[in-house]
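Notes follow the structure.
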Amino acid sequence: MADTPKLSSPDSPAPDGGAELERRLRLAHSRLTEHIENTPLVVTEWDHDIRLIQWNVQAECVFGWSAAEVLGKGLFDFPFIREDNRELVEGMKNEALAGRLPRTVVVLPNYTKSGSVVWCEWHIAALYDAGRLVSFLSVALDVTPYRATAESLEHSRAQLRAALDGAKMLAWDLDLVTNRWETTVDIADFFGIPRGPDYSNPELALHAVHSDDVHLVLAGRQRAVETGAPMRYEFRGRAPAEDGGPRWFSTRGQVLRDETDKAVRIVAVTTDITERKRAEEQREALNRQLRDTARWESLGVLAGGVAHDFNNILTVVLGSANLARRGLPADSSTAAYLDQIEQSCRRAAEVCRQMLAYSGHNQGGAVRIDLTSLVREAASLLVGPASPYAVRYDLANDLPLTHADAAQVRQVLVSLVTNAAEALAGVPGEIAVRTTTIEVSSGVRDGLFHLAPPPGRYICFAVRDTGPGMSAEVRGRMFDPFYSTKFTGRGLGLAAVLGIVRAHKGGIRVESVPGTGTTVTVYWPAAAEQIAVPVAPGPVAPVANVALVIDDEMFVREVTASTLEEMGFAPLLAANGASGIELFHRNREAIKVAVIDVMMPGMTGDQVLKTLRLFAPKLPVVLVSGFTDSRVVTAELGANTEFLQKPFHPEDLMAVVRRLLAV
């Protein structure tokens, strides 16, 4: 087998001098040319005049021009450079000619012969001889597919960011090894915190978390790292929401581990759940109001029923005691006992009135009132409850009128001022009363309403104290019957306030935070019509004639009849509405006044009144009841009609009858 000839190394001595060197040079050039033509890279070479002297096969494949078409041409002699890059390429050319561009890398779009665009990553190296450009080699990689992939990826990322932004979400990737993280949204923008710190540092990013909730965040992450369970936690942000309340966030994520089961990354999404939290709070507040309403209604029915029965009993006792006194000698020792009976009856009647107020069935004296004027008139009454504190007033003038029972409005005001004074408990502080007008929209539900008013216009007074404030638990129970933080046995207390406002279809809002004081705002509905309230004339002499008495309680009928007899009337008694109407028709001409109980089985007193008005529009009528509902108010009774709350003293009934007969 013949020996295979071996090529000598270029460094080995040449056997015949120049011929061997030339052979080796041709062989090296041939190998270099072969490599250039077979490389997947575009290879071009430009001479010192920046004219093309090398254009390999890959250049033909990528750009479409053959070597014969472009060799010898300058940079701008054929449509190879895109117009928007001409200035950049011209600058690089000048730098190369000046000897200041030995090598560089640039990514540029280039035209092909067909006019399409390819993106190339150009690696340019210049060869200089004594500072003069000899040539430069440009090697390029077609990165069009990679760029399309990158653009597609960036487009997907942009879509993801837009979706996350629309959903108020922040996606993040925390590297547990380097303790750095990446986020899809700027931390400062997402959490509403100041710019400046390097929030890519997770430790600094904790500044976005409310200081009281930082431990929840750290514990949630640590639990996921230790157990491998999905990461779930909620927290408040440091920056408040637009309405001043807390911003809430929820984080859901997963811990990633390496082949040794070491936790190396956390991938998670944080969502702004403030609106959901607000909706949950409003829903809970509404559910609480519904529960409270059901409880109040059940207790109200009980309180109203008990008060009704007791008022009838007290009317009999009070009236009988008064009538018994009239038959005693002036120096009788029995009179003192009758005084005690009457005083006890009046105290019991006050308790019944509070029970009726709580039940929302004690609105018999509603008229149109100016709230600011009423507060001014009640100022003297507030001196005692507020002692030793002075009450500061901020009262608005020219308020619309409200349709309410003036005595009950005063009762609410005095009760709230008393409560404010007790809250101060002898420490320095201030009590302030303010009146204003407020428009309530359907969307106003902030969880501070103990009694939410329907949408509409309201005239309000607010009682504020600078005391220690209340906890959420105390604030939630402050209107419960018999509830007090001072001592037991306080009676209905603020529960009567709640009942009064509920009966007037108003609202109560309580703002209180421990250490900041308390403000209670009461909403009274604005009257539909602003009209003047008529003033009843003074008493005149009684008229001796027939009086019609309709009441289902026998003893109440008897006491009422005895009182009217003292006034010179001959009483006709009926136990129900139907028999009372029958008596009226038989004695229409003789009857000069009627006293009618409101709450009777069958026909109620207001129904009897409407029937009598068909035949005697001007007949003086006194409606009496120990239990009234919102239908029975003075504005709806018409002329020649007054309401008298049970239990009443005989003198009270006489005064009402005299007023009616004077009209």
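Where a number appears in this text, it was derived from the coordinates with a stated rule and is not lab data. All of these numbers come straight from a predicted model, not from anything done at the bench. Using ideal geometry, Cβ is built from the backbone for each residue, glycine included, and neighbour counts are taken over all protein chains shown.
Miscellaneous remarks
- Sparse-neighbourhood loop sites, chymotrypsin sites (Phe, Trp or Tyr not before Pro) in segment 46-138 - DSSP loop, at most 13 other Cβ within 10 angstrom: 76
- Fully extending the segment from residue 457 to residue 134 would add 107.2 nm, taking 0.36 nm per residue of separation and subtracting the current Cα-Cα distance.
- Peptides 641-648, 36-43 ranked from most to least packed give 641-648, 36-43, packing being the mean of other C-beta atoms within 10 angstrom over each peptide's residues.
- Exposure proxy ranking for 652, 212, 261, based on other Cβ atoms within 10 angstrom of each Cβ and starting from the fewest, stands as 261, 212, 652.
- Legend: ranking of residues 138, 116 from fewest to most surrounding C-beta atoms inside 10 Å; resulting order 116, 138.
- Label zone at residue 212, where the point sits 7 Å out along the Cα-to-Cβ direction: segment 218-260 residues whose backbone N lies under 20 Å: 218-220, 233-251
- Segment 366-525 - percent relative contact order, Cα under 8 Å, separation 6 or more: 24 percent
- Relative to the current alpha-carbon distance between residue 179 and residue 67, full extension at 0.36 nm per residue lengthens the span by 34.9 nm.
- Residues in segment 272-292 that a label on residue 234 would reach, taking backbone N under 15 Å of a point 7 Å out along Cα→Cβ: 272-285
- Using a cutoff of 8 angstrom between alpha carbon atoms and counting only pairs six or more residues apart, the relative contact order for segment 154-272 works out to 26 percent.
- Packing-based exposure ordering (other Cβ within 10 Å, fewest first) of 518, 436: 436, 518
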